[in-house]
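Engineer: Here it is: the structure, laid out below.
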Amino acid sequence: ETTLGAYAHQDLPFEKLVAELAPERDLGRHPLIQVLIALHNVPEERLEAKGLDWRRAGGEHVTAKFDLTLDLFDNASGFWGFFEYATDLYEASTIERLLEGLTCLLEGALGDPDQALSALPVLGSEQARRLAVEWNATASDYPRDRPVHALFSEQAGRAPQATALALGEATMSYGELEARSNQLAWHLKARGVGPEVVVGLCLERSFEMVVGLLAILKAGGAYLPLDPDYPAERLRFMLDDAGAMVVITTQAIADGLPAYGVLPVLLDEEAQAIAARSDQAPPPAAGPLNLAYVIYTSG
């Protein structure tokens, strides 16, 4: 009914339609449609004139009217056609995969015309293998007897100058992150942090947050992420429920937090004391089977 209704008004000028609909205009795309499928199945009349031979002259298209167009032609030998696409949006390999999927869909429909459309295949055997096998082959062996912070330290030793963190224009190398997390880890150990000890991490998104996370693990503790924007009651519950003994934060954040009865480690106020600690990794305090973190979801 929608299609027949459109045909009933097909003489409406396109410019009039655009003016009435007043779509949001964007010079980068067509205002009404981006994908077009055109089936050219109107019988072509043969022109005849005495002494003249007529044939259609093809022209090379160098621009695409739409983001993606599929033109199909129906003749005595079957269907043939071509895709026309905007090269700013699609690569040739993408169109080839689309063609393979369309071919697979049509072959499936011809093979079982009574099959529901939703049950027809859209992936060829090669695409299905790539998705199910090749791209899913993500299993990787790793030393399960080594904690993640120890593996990080090894990587920092291999490539200390490589960029480990980026925030805007600022960066931090593996070497610097390793040294700063080691210093904070020694500081935490002096505050009693060790295996099975939960340490709150209440910081804004920053380099310090990652430094704190690694430091807690290196000290042997388990980190408890705390969003400074959470309501005070929620933070109090999380700290009490997890049995946190220490909270890593800053003075500005701590001023807005109620007293929790836990020991605060203020990164800004204690920066000098932390920097005086050794930048060498402390001896391993926790193993793979010790508590690593405590996460509270919205539920």
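Engineer: Please identify every one of the GluC sites (Glu not before Pro) in the range 116-196 that sits in a loop by DSSP and has no more than 11 other beta carbons within 10 Å of its own beta carbon.
Structural biologist: Within the range 116-196, the qualifying GluC sites (Glu not before Pro) (loop, at most 11 other Cβ atoms within 10 Å) are E169, E196.
Engineer: Taking the chain on its own, what percent of its Cα-Cα pair distances exceed 37 Å?
Structural biologist: Cα-Cα pairs of the chain separated by over 37 Å account for 52 percent.
Engineer: Using Cα pairs closer than 8 Å and at least 6 residues apart in sequence, work out the relative contact order for the chain, in percent.
Structural biologist: That works out to 13 percent.
Engineer: Counting other C-beta atoms within 10 Å, and keeping those with at most 14, which DSSP coil chymotrypsin sites (Phe, Trp or Tyr not before Pro) do you find in the range 78-156?
Structural biologist: Here the chymotrypsin sites (Phe, Trp or Tyr not before Pro) that fit, given the DSSP loop and packing criteria, are W135.
Engineer: How are the alpha carbon pair distances in the range 218-299 distributed across 5 Å bins from zero to the largest one, expressed in percent?
Structural biologist: 3, 12, 21, 21, 20, 14, 8, 2, 0
Engineer: A follow-up question, please. Under a cut-off of 25 Å between alpha-carbon atoms, report the lysines in cross-link reach of K65, not counting same-chain residues fewer than 8 places apart.
Structural biologist: Straight-distance partners of K65: K16.
Engineer: Over the chain, with a Gaussian network built from C-alpha contacts below 10 Å, which listed residue (I248, I95, I274) shows the highest mean-square fluctuation?
Structural biologist: For the chain, modelled as a Gaussian network with Cα springs under 10 Å, the answer is I95.
Engineer: Which whole number of Å³ per residue matches the convex hull of the alpha-carbon atoms in the range 20-136?
Structural biologist: 229
Engineer: With labels modelled as points extended 7 Å from the Cα through the Cβ direction, what inter-label distance (nm, one decimal) is found for L21 paired with L151?
Structural biologist: Label at L21, label at L151, 5.2 nm between them.
Engineer: How big is the Kirkwood radius of the range 135-251, worked out from every pair of different alpha carbons and given in Å to one decimal?
Structural biologist: 15.5
Engineer: Can you list residues from other chains, or at least 5 along the same chain, whose modelled amide H is less than 5 Å from the amide H of L36?
Structural biologist: Correct list: L68, T69, L70.
Engineer: Follow-up question, since we're still on this one. Round to a whole number: what % of the accessible area of the range 109-185 belongs to carbon and sulfur, probe 1.4 Å?
Structural biologist: 54
Engineer: Set the Förster radius R0 to 51 Å, insert the Cβ-Cβ distance between L266 and D141 as r into 1/(1 + (r/R0)^6), and round the FRET efficiency to 0.05.
Structural biologist: 0.80
Engineer: Under 18 Å Cα to Cα from K218, which aspartates and glutamates show up? Leave out anything in the same chain fewer than 8 places away.
Structural biologist: Result set, ordered by chain and number: D145, E154, E176, E178, E196, E208, D279.
Engineer: Averaging over every viewing direction, what projected area does the convex hull of the Cα atoms of the range 69-154 cover, in nm²?
Structural biologist: Quarter of the Cα hull surface area: 10.7 nm².
Engineer: May I ask you to rank S77, S173, S181 by accessible area, largest first, using a 1.4 Å probe over the protein chains only?
Structural biologist: If we order S77, S173, S181 from most to least accessible, we get S77, S173, S181.
Engineer: Rolling a 1.4 Å sphere over the protein heavy atoms, what is the accessible area per residue of the range 212-282, to the nearest Å²?
Structural biologist: Dividing the accessible area of the range 212-282 by its residue count gives 48 Å².
Engineer: Additional query: Apply 1/(1 + (r/R0)^6) to the Cβ-Cβ distance of L4 and R129, taking R0 = 35 Å, and write down the FRET efficiency to the nearest 0.05.
Structural biologist: 0.25
Engineer: Then there is this: To one decimal place, what orientation-averaged projected area in nm² is obtained for the convex hull of the Cα set of the range 110-204?
Structural biologist: So the mean shadow area of the Cα hull is 13.0 nm².
Engineer: Please work out the Cα center distance from the range 205-269 to the range 108-167, rounded to the nearest Å.
Structural biologist: Measuring centre to centre over Cα atoms gives 34 Å.
The values are calculated or read from the model by the stated rules, or taken from the named source; none is laboratory data. Being a predicted model, the structure only gives us computed values, none of them experimental. We place every Cβ from the backbone using ideal geometry, glycine too, and count neighbours over all the protein chains shown. In case anyone asks, the SASA skips ligands and DNA or RNA and just uses the protein heavy atoms, side chains included. Shrake-Rupley method; radii C 1.70, N 1.55, O 1.52, S 1.80 Å.
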